[in-house]
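Q: This is the structure I want to talk about, given as C-alpha cells.
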Amino acid sequence: MLVGITGPIGSGKSFVSARLEQLGYRVYNADARAKSLVEMQPELRQEVEDLLGRQAYDAAGRYNTAWVAEQVFRDPGLLVKLNALVHPVVVRHFLEWAHAFGHGERAVFMESALLPRLSPFPPLDAVVLVTAPLDVRLARVERRDGVEASQVLARAARQASDEEFARIATYTIVNDGQREVDAQLQLILQSLGEQV
C-alpha cells in the first residue's frame, strides 16, 4: 500500500513521518530526494542547467538551492518548467524505491509538501493531510528556521492552497498542539488495515 503524507509549511509532516519511522514504516521524503536527484541524475542535471543556466550548481557541483529559489520566486513560469522536469523523475524514483520494498505487509509512505501539484500524480492508495492553524504554523517555522513571519507567509503562498490539499486528502491529522497526533495516526493506520 502506497500512502502520501502532505500538508502546508509548518503543519508537522516531518513530525508525523518521524513517528511512522519510529513505528518501523519506511518514509520517502520526496522534497529532500528531489534535491538529491537534481544533483545525482545526469540527464536531469543537464535539463536543469539548460533551463536555468550553470549557476543552478555551485563550483563543487552541488545544487544551488538558494539561487534557484530566488530565480523561481521572481519568475513563477520558471518554477512551472522546473517542476515539469523534476516531478516525473521524483515520482518514478519513489515508485522504484517503493517497489524495492516489495509493497510487503506494511504500508510505504511518501512525504511531500508538493503532493497536490505533483505531475504525474503518484498512484497512491491514500493521502494523509497534516494540518494546523496558520498562527501555529507560522510560530513553528519562525522558531525552526529563524525567519520572520512575512518570509513564512511568502513561502506558504507558493504552496498549494488549503483547498488543493483537502481535495487529495483521504485522512486528516490536526496537529494544533491540542489534539494527540499519535492517537490520530493510530486510527488512520488501523483504517489502512495496518497492525498497530
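Derivation of every value follows stated rules applied to the coordinates shown; laboratory data play no part. What you are looking at is a predicted structure, and each value in this text was computed from that prediction instead of being measured. Methodologically, a virtual Cβ is constructed for each residue, glycine included, from the backbone with ideal geometry; neighbour enumeration extends over all protein chains shown.
Q: Could you pull out the GluC sites (Glu not before Pro) across segment 63-163 that fall in loop regions by DSSP (anything but H, G, I, E, B) with no more than 15 other Cβ atoms inside 10 Å?
A: Numbers: sites: E70, E96, E105, E111, E142, E148, E163; in loops: E105, E148.
When the GluC sites (Glu not before Pro) of segment 63-163 are filtered for loop state and at most 15 Cβ neighbours within 10 Å, E105, E148 remain.
Q: Got the relative contact order for the chain handy, in percent, Cα pairs under 8 Å and 6 or more residues apart?
A: Averaging sequence separation for qualifying contacts and normalising by length gives 35 percent for the chain.
Q: For the chain, what is the mean residue ellipticity at 222 nm derived from helices alone (per DSSP H run of n ≥ 4: -39500 (n - 2.57); sum divided by total residues; nearest 500 deg cm²/dmol)?
A: Roughly -16500 deg cm²/dmol at 222 nm, from the helical runs in the chain.
Q: Which loop-located trypsin sites (Lys or Arg not before Pro) does segment 33-121 contain, where loop means any DSSP state but H, G, I, E or B and the Cβ has at most 13 other Cβ atoms within 10 Å?
A: R62
Q: Which listed residue (L44, V130, S161) has the Cα farthest towards the positive end of the charge dipole for the chain, taking +1 on Lys and Arg C-beta and -1 on Asp and Glu C-beta about the Cα centre?
A: Ranked along the dipole, the leading option is L44.
Q: Now for a different question. Springs between alpha-carbon atoms under 10 Å, Gaussian network over the chain: tell me which of T172, T131, T65 tops the mean-square fluctuations.
A: Residue with maximal mean-square fluctuation among T172, T131, T65: T65.
Q: Considering only DSSP beta bridges with both partners in the chain, what is the antiparallel share in %, to the nearest 5? Spell out each step's value before the answer.
A: Working: 1 of 17 bridges.
Counting only bridges with both partners in the chain, antiparallel ones make up about 5 percent.
Q: Of the listed values (1) 15.5, 55; (2) 17.2, 49; (3) 19.3, 62, grab the one calculated as Rg and Dmax of the Cα atoms in Å from the structure here.
A: Answer label, from the structure shown: (2).
Q: Within segment 83-155, report the chymotrypsin sites (Phe, Trp or Tyr not before Pro) that DSSP leaves as loop and that have at most 11 other Cβ atoms within 10 Å.
A: Within segment 83-155, the qualifying chymotrypsin sites (Phe, Trp or Tyr not before Pro) (loop, at most 11 other Cβ atoms within 10 Å) are F101.
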